[in-house]
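The values are calculated or read from the model by the stated rules, or taken from the named source; none is laboratory data. Since the model is a prediction, treat every value here as computed from it, not as a measurement. In this analysis, Cβ positions are derived from the backbone assuming ideal geometry, glycine residues included, and neighbour counts consider all displayed protein chains. We work out accessible area using only protein heavy atoms, side chains counted, and drop any ligands, DNA or RNA first. Shrake-Rupley method; radii C 1.70, N 1.55, O 1.52, S 1.80 Å.
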Amino acid sequence: MSEDSAAAPSTIARLRWIVPIAFLALTAWLLWREAGEFPLTDIQRTLIGVPTLPALGVAALALIGVTFTGTVDWLIARWLKLGLHARDCFRLAFVANSMANTLNLSGAMGASVRLMGLSGLKVPLSRAAALIGMQALSLLSGLSLLVIATLATSSLPLTSGTAQRWVAGAVLIAAAFYLPLYFFLTARRALMRWLPQDVGIPPLRLKIELTLVSLIDWLLAAATLYACIYISGEHVKPGLLLGAFAGAGVLGLVSQVPGGLGVFDGLILLALSEAGYDQASVFSGLMLFRIAYYLLPLLIALYMGSEMLSARLPLLARLRTRLAGHPLFGLLGLPATLLADFGTRLLAILTFGAGALQLASAAIPSVSEHIVTVRAHLPILAVEGSNWFSVLSGVLLLGLARGIDGRLRLAYRVAQWLLLISAALAVTKGLHFGEALFLLAVAALLRARKRVFTRRAMTLTSARTYGWFAGLLICVLVFFAIGVAQVLGDDSFDLFYVGFGEHTSRIGRGLAAALLGLIIYLIWQAFAVARPKLALPDRTELERARELYTAHGGGEFAHLTFMADKHLFWAADHQAVIAYGSVRDRLVALGSPCGSDAAIDRAILDFRHFADAQDRAPVFYEVLEPDLSRYHDLGFDLFKLGELALVRLAEFSLAGKRWEDLRQACNRAEKEKLTFTLVQPPFDTALLTDLERVSDAWLADKGGDEKGFSLGRFDPAYLSWSPLGLVHRDGELIAFANVLPPYGPGGHASVDLMRHVADTPRSTMDFLFAKVMLWAQEQGFEIFSLGMAPLSRVGDNPYARVNERLAALAFQYGNRFYNYQGVRKYKDKFKPEWIGSYLAYPRGLWVPGLLIDIAALVSGGYRRLLVG
């Protein structure tokens with residue numbers, strides 16, 4: 001790959017940030033230069049004065065407009081002969097368009113939602129791509145036609161600056177050329193190669209129908225804006241508004257700002273202000289338009305599409321690899337990871353918005369007419385108390401948004417009550433019915449997604465938590481800045497004055513409520529959402545685990561459970577058990593679950609739910625090849641750790657040429673007067689003292705400390721669970737190993753804690769291994785495990801994953817840190833069968849970080865890993 005081609009993606013990525021920021025900055029500068037200061041009080045008065053029935057009519061018109069957009073999908077689906085019911089097609093289009101309108105990420109949001117919906121409706125991938133591509137191309141044809149019409153009638157209002165007029169004019173002329181290009185390019189099969197072969201290019205009649213439908217769709221959106229400004233008290237000329245709408249719509253799309261937020265609104269406000277219309281009324285109309293045409297459909301789409309989004313995410317993950325090579329989706333850049341937990345993330349944003357709305361409401365003076373009405377029906381202390389508690393509730397909702405994002409059960413319950421109480425307070429503090437309706441709508445949406453809030457704890461030190469907390473602090477600081485500015489600007493300020501007209505005193509008390517809310521939230525976050533303490537098993541629980549291992553098999557690592565340094569998770573109605581450790585926000589299981597074969601899949605899922613409830617990542621360390629399909633089917637990614645050496649004991653013998661090297665080592669050991677004995681527990685104190693002497697000498701020679709988790713350590717309680725293989729020289733103990741018996745069917749005999757004094761003969765450990773294997777053979781055991789050769793055969797081909805190819809470099813060149821190749825070579829002398837050992841982890845986790853966490857777990861914590 002050339003440097004130019006490698007640099008292209010980064011350049012495009014930078015432009016995706018630079019272009020929106022540049023458009024927003026330019027729009028803000030033009031507004032500041034041309035429009036001056038905004039009359040906030042007049043805007044508030046105008047919004048409060050909007051009549052209810054006309055507002056409901058505007059909302060209905062907006063919903064009709066967003067629904068009508070689905071006609072484009074319906075016409076294309078009928079041409080492709082997808083066999084979809086009109087109801088399914090329009091429902092999917094409504095959800096996709098509502099999300100795309102607000103969260104337009106280069107068209108990818110709408111495309112992604114459509115893909116999930118069409119996949120759920122059993123539409124083949126090639127035809128789903130055809131519908132999505134044609135929809136994306138056709139939707140802008142109507143806007144292009146609208147721009148052509150407004151240019152032909154000179155209805156486009158442009159800014160007075162010469163440079164700005166030339167830039168805006170050039171963009172609009174380019175938009176006008178989109179329509180003829182649309183008809184020309186869609187008639188070329190070479191450019192439409194992503195369409196199914198049996199369909200052909202779209203006929204002229206279909207393209208005309210799509211263009212007319214798109215035009216009507218844009219006209220309905222413009223009509224909604226006109227109605228919003230009209231009920232706000234300003235009667236704009238339809239031709240002027242249509243021209244401003246067309247120009248602002250094009251520039252809003254070009255800006256790449258989601259929903260054109262800020263750019264579209266600022267250009268409309270600028271154009272109509274220059275035409276002499278009242279800024280407060282136009283701005284109020286734009287706010288109503290955002291609520292009616294963007295927010296309201298988005299809330300409904302979230303409710304309608306929550307099941308589809310959550311149900312289709314696993315399917316989308318499986319399709320992601322196939323989609324990456326498709327020309328259409330390669331262009332769109334499908335944001336598969338963005339859609340994960342999208343519904344819950346949006347609910348968190350709405351909860352945060354509900355809190356911010358309450359602070360904004362408290363910071364802006366109430367309309368005097370409403371205060372008079374409230375005074376006639378409520379005592380003054382009730383009104384002041386409503387204002388004070390709404391600030392407190394607003395700050396708490398800002399903080400609880402993090403819990404909603406983390407699907408925390410307790411956060412959901414508290415937020416529900418706060419939203420309902422806040423809705424009542426919005427009415428009693430100043431008849432803020434719009435605010436109350438929004439809060440009730442958020443509460444209803446939370447209720448609709450009740451079942452997703454299953455977690456009992458969440459991570460308090462993640463980047464996501466810090467991001468939400470930063471948002472909370474920013475909102476509170478802005479509220480404080482506004483409040484302090486008003487207090488300092490009022491010479492007659494009296495904190496304890498209670499009166500209907502004293503907004504300064506009210507916001508001064510609100511500052512105390514905000515501070516109290518922040519303190520309450522921090523205390524709640526520190527204690528209420530902390531993860532439960534994980535208990536280590538006692539002797540009784542370990543005995544129960546051994547019974548299960550004996551009945552159903554314990555795999556490779558069952559005996560390591562008896563070190564009692566791992567927690568036990570009983571799954572599948574106690575038909576399976578998982579031994580696991582905890583490090584940071586990871587729960588790391590050692591090997592696969594042990595239990596009946598029918599319970600293994602359920603145990604993996606139960607463990608995943610258990611980890612998810614605590615906002616932790618479930619990881620399975622050293623799972624073997626026969627179990628890989630289980631983890632793949634349950635949504636885990638896999639990373640190869642190395643290979644496990646297994647010897648079939650029925651074939652093992654010291655006779656013959658195959659094990660000649662091992663036979664010679666045993667002969668040398670016997671000549672050096674080494675003897676082997678195998679002793680069963682319980683062990684007397686004298687033997688344990690002798691074992692500790694050998695263990696301490698081995699640790700001192702290696703310059704290391706005791707490990708844990710997947711490696712045995714010297715502990716009399718652990719050693720008492722199995723036999724010991726002892727090697728003596730002239731009656732002196734010089735080496736030992738604890739012998740791990742196989743448990744149940746499919747179990748592996750092995751050794752774990754292998755230690756010797758410094759001056760043992762070179763053949764000692766070979767002698768020990770051989771004698772233990774012969775003993776295991778006499779017991780009728782089938783397989784003996786020599787353990788894993790780390791990084792062996794990992795990433796040894798050019799098509800392996802990047803992480804595994806990097807691991808291959810460590811195997812080849814990292815012997816100064818660990819004798820990777822020496823371990824493989826040593827175990828090869830036993831002529832074993834090699835099977836892969838893998839790390840199974842949820843998609844999206846960074847593998848090097850996981851490996852570091854596991855290294856810390858084995859070492860006994862990060863302090864011992866780093867300090868030694």
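Below, the figures for the structure above:
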item	result
Accessible-area order (highest first, 1.4 angstrom probe) of the listed residues Asp612, Asp766	Asp612, Asp766
Global geometry of segment 401-447, whether rounded, prolate or oblate, following the gyration tensor of its Cα atoms and the 1.5 cut on a/c	prolate
Inter-label distance, nm, simple model (7 Å from Cα along the C-beta direction), Asp597/Trp417	5.1
Estimated distance in nm for a label pair at Lys237 and Ala360, the labels positioned 7 Å out from Cα along Cα-to-Cβ	3.2
Computed label-point distance, nm, for sites Asp661 and Ser126 using a 7 Å Cα→Cβ extension	5.5
Over 19 Å between alpha carbons, listed pairs Lys673/Lys831; Lys657/Lys829; Lys702/Lys771	Lys673/Lys831; Lys702/Lys771
Length added when fully stretched, Leu634-Arg539, from 0.36 nm per residue minus Cα-Cα	30.9 nm
Probe 1.4 Å - accessible area at Ser126, Å² to nearest ten	60
Burial order of peptide ranges 61-74, 189-202 (average beta-carbon count within 10 Å, highest first)	61-74, 189-202
Modelled label reach - Glu672, point 7 Å along Cα→Cβ, segment 687-729 residues with backbone N closer than 16 Å	698, 726-729
Most to least packed among 695-701, 241-247, 277-283 [average Cβ atoms within 10 Å]	241-247, 277-283, 695-701
For segment 382-481: rounded, prolate or oblate by the Cα gyration tensor [a/c cutoff 1.5]	oblate
Pairwise FRET efficiency - Arg843 versus Ile64, Cβ, R0 = 45 Å, nearest 0.05	0.65
Candidate aspartates and glutamates for bridging to Lys827, where Cα separation is under 16 Å - those fewer than 8 sequence places away on the same chain excluded	Glu643, Glu660, Asp661, Asp752, Asp766
Within segment 530-568: backbone nitrogen closer than 11 Å to the Phe610 label point (7 Å, Cα to C-beta)	535, 567-568
Debye equation applied to the C-alpha atoms of segment 603-689, log10 I(q)/I(0) at 0.13, 0.17, 0.25 Å⁻¹	-0.81, -0.88, -1.26
Per residue, in Å², the accessible surface of segment 595-746 once ligands and nucleic acids are set aside, probe 1.4 Å	45
Cut-off under 5 Å, modelled amide H: who pairs with Ser837 long-range	Leu641, Gly642, Glu643, Leu644
Theoretical FRET efficiency, 1/(1+(r/R0)^6), r = Cβ-Cβ of Ile520 and Thr461, R0 25 Å, to 0.05	0.75
Extended-chain gain in nm, criterion 0.36 nm per residue less alpha-carbon gap, Ile349 and Arg793	155.2 nm
In Å², nearest 10: area of Arg793 left accessible to a 1.4 Å probe	130
Accessible surface of segment 549-699 [probe 1.4 Å, protein heavy atoms]: carbon and sulfur percent	50
